[in-house]
1. Go through segment 60-91 residue by residue and tally those that are touching a residue at least 60 places away in the same chain (Cβ under 8 Å) and crowded, with 17+ Cβ neighbours inside 10 Å.
2. Please indicate, with yes or no, whether at least one residue in segment 62-79 is in a loop (DSSP other than H, G, I, E, B) and either in contact with a strand residue (DSSP E or B) (Cβ under 7 Å, 6 or more places away or on another chain) or within 16 Å of residue 103 (Cα to Cα) (or both).
3. Go through the residues of segment 25-37 one by one and say whether even a single one is within 18 Å of residue 10 (Cα to Cα) and modelled with pLDDT of 95 or more.
4. Take the residues in segment 119-146 that are without any contact (Cβ under 8 Å) to a residue 40 or more places away in the chain and outside any strand (DSSP E or B), then tell me which one is surrounded by the fewest Cβ atoms within 10 Å (Cβ to Cβ).
5. Do you know which of the residues in segment 46-61 that are touching a strand residue (DSSP E or B) at 6+ places or on another chain (Cβ under 7 Å) and at pLDDT below 95 is nearest to residue 137 (Cα to Cα)?
6. So residue 75 ticks every box in (1) more than 17 Å from residue 134 (Cβ to Cβ); (2) modelled with pLDDT under 95 but one. Which box is left unticked?
(Lines give C-alpha, C1' and ligand atoms only; values in the text may rest on other atoms or scores of the structure.)
Protein backbone atom coordinates (compact mmCIF):
# COMPACT_ATOMS: atom_id res chain seq x y z
CA UNK A 1 0.00 0.00 0.00
CA UNK A 2 1.35 3.45 -0.96
CA UNK A 3 1.47 6.00 1.80
CA UNK A 4 0.21 9.52 1.16
CA UNK A 5 2.73 12.37 0.83
CA UNK A 6 0.74 14.42 3.37
CA UNK A 7 -0.36 12.88 6.66
CA UNK A 8 -1.75 13.48 10.11
CA UNK A 9 -0.65 10.78 12.52
CA UNK A 10 -0.69 9.72 16.14
CA UNK A 11 2.43 9.57 18.30
CA UNK A 12 4.64 6.67 17.25
CA UNK A 13 2.52 5.82 14.21
CA UNK A 14 4.98 7.13 11.58
CA UNK A 15 8.75 6.75 11.67
CA UNK A 16 11.07 9.32 10.13
CA UNK A 17 13.00 6.48 8.46
CA UNK A 18 9.83 5.37 6.66
CA UNK A 19 9.19 8.91 5.45
CA UNK A 20 12.75 9.08 4.12
CA UNK A 21 12.22 5.79 2.27
CA UNK A 22 9.02 7.22 0.79
CA UNK A 23 10.90 10.34 -0.32
CA UNK A 24 13.61 8.24 -1.94
CA UNK A 25 10.99 6.29 -3.90
CA UNK A 26 9.88 9.44 -5.75
CA UNK A 27 9.95 9.14 -9.52
CA UNK A 28 12.42 12.02 -10.00
CA UNK A 29 14.56 11.34 -6.93
CA UNK A 30 17.57 10.45 -9.08
CA UNK A 31 17.67 14.10 -10.21
CA UNK A 32 18.00 15.31 -6.60
CA UNK A 33 21.27 16.27 -4.96
CA UNK A 34 19.78 17.56 -1.71
CA UNK A 35 17.43 16.26 0.94
CA UNK A 36 16.38 18.56 3.75
CA UNK A 37 14.59 17.14 6.77
CA UNK A 38 12.90 19.39 9.31
CA UNK A 39 11.81 17.73 12.54
CA UNK A 40 9.89 19.91 14.97
CA UNK A 41 10.02 18.71 18.58
CA UNK A 42 8.29 19.66 21.82
CA UNK A 43 10.33 22.29 23.61
CA UNK A 44 10.73 21.99 27.38
CA UNK A 45 10.03 25.66 28.14
CA UNK A 46 6.67 27.22 27.29
CA UNK A 47 5.91 30.67 25.98
CA UNK A 48 5.19 31.77 29.54
CA UNK A 49 8.67 30.63 30.65
CA UNK A 50 7.32 27.69 32.65
CA UNK A 51 8.37 24.07 32.23
CA UNK A 52 6.17 22.26 29.71
CA UNK A 53 4.46 19.09 30.87
CA UNK A 54 2.56 18.33 27.67
CA UNK A 55 1.45 19.74 24.32
CA UNK A 56 -1.99 18.73 23.15
CA UNK A 57 -2.87 19.06 19.46
CA UNK A 58 -6.32 19.24 17.90
CA UNK A 59 -7.18 19.38 14.21
CA UNK A 60 -9.98 19.97 11.73
CA UNK A 61 -8.76 16.92 9.82
CA UNK A 62 -10.46 17.29 6.44
CA UNK A 63 -9.50 20.96 6.06
CA UNK A 64 -5.99 20.40 7.46
CA UNK A 65 -5.27 17.70 4.88
CA UNK A 66 -6.63 19.94 2.13
CA UNK A 67 -4.42 22.81 3.35
CA UNK A 68 -1.28 20.67 3.63
CA UNK A 69 -1.82 19.23 0.15
CA UNK A 70 -2.32 22.72 -1.28
CA UNK A 71 0.86 24.00 0.41
CA UNK A 72 2.81 20.98 -0.85
CA UNK A 73 1.60 21.34 -4.42
CA UNK A 74 2.16 25.11 -4.54
CA UNK A 75 5.69 24.91 -3.15
CA UNK A 76 6.61 22.14 -5.59
CA UNK A 77 5.22 24.20 -8.46
CA UNK A 78 6.73 27.55 -7.36
CA UNK A 79 10.27 26.49 -6.45
CA UNK A 80 12.06 25.13 -9.48
CA UNK A 81 14.14 22.05 -8.76
CA UNK A 82 11.97 20.71 -5.92
CA UNK A 83 10.93 17.19 -6.93
CA UNK A 84 9.28 15.79 -3.81
CA UNK A 85 7.81 16.97 -0.51
CA UNK A 86 6.46 14.88 2.35
CA UNK A 87 4.67 16.38 5.35
CA UNK A 88 3.65 14.55 8.53
CA UNK A 89 2.09 16.35 11.50
CA UNK A 90 1.47 14.46 14.73
CA UNK A 91 -1.92 15.14 16.33
CA UNK A 92 -1.79 13.79 19.86
CA UNK A 93 -0.71 14.58 23.42
CA UNK A 94 3.06 14.99 23.27
CA UNK A 95 5.80 15.19 25.88
CA UNK A 96 9.03 17.18 25.87
CA UNK A 97 11.32 15.90 23.11
CA UNK A 98 8.56 14.16 21.14
CA UNK A 99 8.50 14.82 17.40
CA UNK A 100 5.60 17.01 16.24
CA UNK A 101 6.28 17.72 12.59
CA UNK A 102 8.29 16.20 9.77
CA UNK A 103 8.89 18.06 6.52
CA UNK A 104 11.08 16.29 3.98
CA UNK A 105 12.13 17.97 0.74
CA UNK A 106 14.08 16.47 -2.16
CA UNK A 107 15.49 19.00 -4.62
CA UNK A 108 18.19 19.34 -7.21
CA UNK A 109 20.18 21.75 -5.01
CA UNK A 110 20.36 22.61 -1.31
CA UNK A 111 19.21 26.23 -1.74
CA UNK A 112 15.85 25.14 -3.14
CA UNK A 113 15.49 22.37 -0.56
CA UNK A 114 16.11 24.67 2.42
CA UNK A 115 13.87 27.40 0.99
CA UNK A 116 11.04 24.94 0.36
CA UNK A 117 11.26 23.43 3.86
CA UNK A 118 11.17 26.86 5.52
CA UNK A 119 8.28 28.04 3.37
CA UNK A 120 6.27 24.91 4.11
CA UNK A 121 6.74 25.21 7.88
CA UNK A 122 5.93 28.93 7.86
CA UNK A 123 2.79 28.45 5.76
CA UNK A 124 1.65 25.39 7.71
CA UNK A 125 1.70 27.36 10.98
CA UNK A 126 -0.38 30.18 9.47
CA UNK A 127 -2.76 28.37 7.11
CA UNK A 128 -3.52 24.92 8.53
CA UNK A 129 -6.28 24.39 11.13
CA UNK A 130 -4.15 22.65 13.74
CA UNK A 131 -4.31 24.00 17.29
CA UNK A 132 -1.83 23.57 20.12
CA UNK A 133 -2.53 23.69 23.84
CA UNK A 134 0.49 24.08 26.11
CA UNK A 135 0.19 22.48 29.52
CA UNK A 136 2.86 23.85 31.86
CA UNK A 137 3.67 23.84 35.55
CA UNK A 138 1.96 27.26 35.74
CA UNK A 139 -1.23 26.29 33.92
CA UNK A 140 -2.47 25.63 30.41
CA UNK A 141 -3.34 27.85 27.44
CA UNK A 142 -3.96 27.69 23.70
CA UNK A 143 -1.06 28.93 21.60
CA UNK A 144 -1.74 31.20 18.66
CA UNK A 145 0.88 30.85 15.94
CA UNK A 146 2.13 34.00 14.26
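The values are calculated or read from the model by the stated rules, or taken from the named source; none is laboratory data. No experiment lies behind these values; they were computed from the predicted model shown. Every residue, glycine as well, gets a Cβ built from its backbone with ideal geometry; the counts of neighbours run over all protein chains shown.
1. Of segment 60-91, the ones touching a residue at least 60 places away in the same chain (Cβ under 8 Å) are 60, 63-64, 67-69, 72, 84-91.
Subset that is crowded, with 17+ Cβ neighbours inside 10 Å: 64, 67-68, 72, 84-91.
Of the residues in that region, 12 qualify.
2. So in segment 62-79, the residues in a loop (DSSP other than H, G, I, E, B) come out as 79.
Filter once more, so that each one left must be either in contact with a strand residue (DSSP E or B) (Cβ under 7 Å, 6 or more places away or on another chain) or within 16 Å of residue 103 (Cα to Cα) (or both): 79.
Yes - at least one qualifying residue is present in segment 62-79.
3. Looking through segment 25-37, none of the residues is within 18 Å of residue 10 (Cα to Cα) and modelled with pLDDT of 95 or more.
4. Applying the filter and picking the extreme gives 146.
5. Residues of segment 46-61 that are touching a strand residue (DSSP E or B) at 6+ places or on another chain (Cβ under 7 Å), as a first pass: 46-48, 50-59, 61.
Then keep just the ones that are at pLDDT below 95; that gives 46-48, 50.
Working: 46: 9, 47: 12, 48: 10, 50: 6 Å.
So, considering only residues that are touching a strand residue (DSSP E or B) at 6+ places or on another chain (Cβ under 7 Å) and at pLDDT below 95, the one nearest to residue 137 (Cα to Cα) is 50.
6. Only one criterion in (1) more than 17 Å from residue 134 (Cβ to Cβ); (2) modelled with pLDDT under 95 is unmet by residue 75, namely (2).
Yes/no matrix, rows are residues, columns are (1) closer than 17 Å to residue 91 by Cβ; (2) in contact with a helix residue (DSSP H, G or I) (Cβ under 8 Å, 6 or more places away or on another chain); (3) surrounded by fewer than 17 Cβ atoms within 10 Å (Cβ to Cβ); (4) free of Cβ contacts under 8 Å to residues at least 24 places away in the same chain:
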position: 11; (1), (2), (3), (4): yes, no, yes, no
position: 23; (1), (2), (3), (4): no, yes, no, no
position: 29; (1), (2), (3), (4): no, yes, yes, no
position: 41; (1), (2), (3), (4): yes, no, yes, no
position: 45; (1), (2), (3), (4): no, no, yes, yes
position: 56; (1), (2), (3), (4): yes, no, yes, no
